[in-house]
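**Student:** Provided herewith is a single structure, encoded as structure tokens, for subsequent inquiry.
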Amino acid sequence: MKLGEKRVKPQNASNSGRRRPRRPEEQFNPGLRSRRRAGLFDMLQRWAAERALHRTQRGESSGISRAFLKKVALVCLLGLVVAVGISAGITAYIRSKQVSIRIDNGSKVTEVTTSARTVRELIDNNVISLGPYDSITPSENTRLTANMVVTIDRAMVLFVTTGGEMRQVYMTTGTVADALKKANITYDSDDIVTPALDTALLPGMRIKHVAVEYKIVSEYSRVPYEVEYRSAGTVELGTTLLGQKGQEGTKTREIKVTMHDGEEVERTQLSEVMTKEPVNKVILNGTKPTPTPTPKPTPTKKPGTTTTKKPTATTTQKPTTATKQPTTDGKYSHVTAADLKIPAAPGSFESSLVMEVTAYTHTGGQVAIGGWPQYTRTREKPGTLAVDPDTIPYRTLVYVTGYGYARTEDTGSFKGTRPMQSDVFMNTTSECIKWGRRRGVVVYIVQYNYNR
């Protein structure tokens, strides 16, 4: 160094032998680049000043202009930019890796070479759209490695119906049981699920869940009593007496009720128990013959006495015509006690009605369909029942509880006004009075279009 020169100590003398590694953020920081350009220009200016000083001391002209220095600075800067770009490209090449992208359970496989550092960058760089319910494996923040497989499962929409309400569920895979769990639907072994719980899910699948519930209920019903007829030798023939009053029984049935989504679909009887036995009504039919009255003795005429008849006025009696009312066999005298015995209720019948039943006797006229009314009560010889033909058609064989078998052949004043009333035919007025007016009588429809 010559006399008068100022020694300039190099900055960072301790690190003069090594180059500081370049940070990545410095390459893309415009402010940092401008500051570096300014520093380079200042360094060139100092170098030019020192050269000029040296040349002046030696008696030489400086010969370096400021414009020349700017050109040199620009050339250096351009070289620096090119070096940075080459370095970035080499770095990207070094960082690039081969990965596989599988979409829709492997139905679409794409092999890509990328320099992305995470799964999220890989998805963005390849412009892959994701739905809100799609699944990515591994997670989006996972760092990519060479030969990594990224799986994207697209969500499928499912329609689940329960209790009449439809719900939409989005899932990528699983079974029907998984879909019910995702829809927050609880079920048990009694419930009905279609398709089966272990069925694999498919896009657009419709799943139906029916909640099944069982209830046990008890039903109580009345058991009607039967009418029993007995012969009574202590009661006069043709007379009936009440021997025992009838009482209805009760029975209990246990029913299993099946409910689907709260609605009843089936009833099954589990048991039936007679809780109270009915008591039969007993009617006593008299069989005691009516005693023949003893004739009064004829007064004897005393001897020697004569009797004089008083003259009587002669009256002329008008002839009368008697109306004969034949039965099926032509005469009432052919009716036997067996024909008046009330038989048991029929074992089979078409239907039954609960009616109000009164009684009537001979009126001197024929029935509505022609012929004379009958008071026999057996199935072979049914009696006559007056009805409203709109309720029970004429010529129908019925069984009236407490009366026996009858055929609908007549009608009464109740026709059209009281359709659930009927009249049984009795042979005598006393029998009609004894029958009275009975309500709640069960009338069994045995046979339509019955001919005597």
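The values are calculated or read from the model by the stated rules, or taken from the named source; none is laboratory data. The structure displayed is predicted, hence computed values, not measured ones. Every residue, glycine as well, gets a Cβ built from its backbone with ideal geometry; the counts of neighbours run over all protein chains shown.
**Student:** Restricted to region 125-162, and to residues that are free of Cβ contacts under 8 Å to residues at least 24 places away in the same chain and surrounded by 12 or more Cβ atoms within 10 Å (Cβ to Cβ), which residue is farthest from T194 (Cα to Cα)?
**Tutor:** In this case the residue turns out to be N125.
**Student:** Out of the residues in region 371-410 that are in a strand (DSSP E or B) and of a type in the set (G, A, S), which is farthest from F349 (Cα to Cα)?
**Tutor:** If we take residues in region 371-410 being in a strand (DSSP E or B) and of a type in the set (G, A, S), then A386 is farthest from F349 (Cα to Cα).
**Student:** Checking the condition assigned to a loop (DSSP other than H, G, I, E, B) and within 24 Å of M420 (Cβ to Cβ), which residue from A368, A344 passes?
**Tutor:** The conditions single out A368.
**Student:** It is to be established whether one or more residues within region 419-432 are touching a Lys or Arg at 6+ places or on another chain (Cβ under 8 Å) and without any contact (Cβ under 8 Å) to a residue 40 or more places away in the chain.
**Tutor:** No, region 419-432 contains no residue that is touching a Lys or Arg at 6+ places or on another chain (Cβ under 8 Å) and without any contact (Cβ under 8 Å) to a residue 40 or more places away in the chain.
**Student:** Among the residues in region 184-194, are any surrounded by 15 or more Cβ atoms within 10 Å (Cβ to Cβ), without any contact (Cβ under 8 Å) to a residue 24 or more places away in the chain and not in a strand (DSSP E or B)?
**Tutor:** yes
**Student:** With (1) modelled with pLDDT of 85 or more; (2) out of contact with any Leu (no Cβ under 9 Å at 6 or more places or on another chain) as the list, and I136 as the residue in question, which single condition is left unmet?
**Tutor:** It fails just one condition, (2).
**Student:** Could you pull out the residue among R407, R418 that is basic (K, R), assigned by TED's automatic domain parsing to the domain that holds W372 and modelled with pLDDT of 90 or more? Before the answer, list the steps.
**Tutor:** Numbers: R418 fails: modelled with pLDDT of 90 or more.
Result of the check over R407, R418: R407.
**Student:** Just to be sure I understand, how many residues within region 214-229 are surrounded by 13 or more Cβ atoms within 10 Å (Cβ to Cβ) and outside any loop (DSSP other than H, G, I, E, B)?
**Tutor:** Number of matching residues: 4.
**Student:** Find all pairs meeting these conditions: Cβ atoms under 7 angstrom apart; at least six residues apart or on different chains; first residue within region 229-253 and free of Cβ contacts under 8 Å to residues at least 60 places away in the same chain and under 22 Å from G440 (Cα atoms); second residue among the hydroxyl-bearing types (S, T, Y) and surrounded by 14 or more Cβ atoms within 10 Å (Cβ to Cβ).
**Tutor:** G246/Y225; Q247/Y225; E248/Y225
**Student:** Given (1) touching a helix residue (DSSP H, G or I) at 6+ places or on another chain (Cβ under 6 Å); (2) at pLDDT 85 or above, identify the lone condition not met by T161.
**Tutor:** For T161, the failing item is (1).
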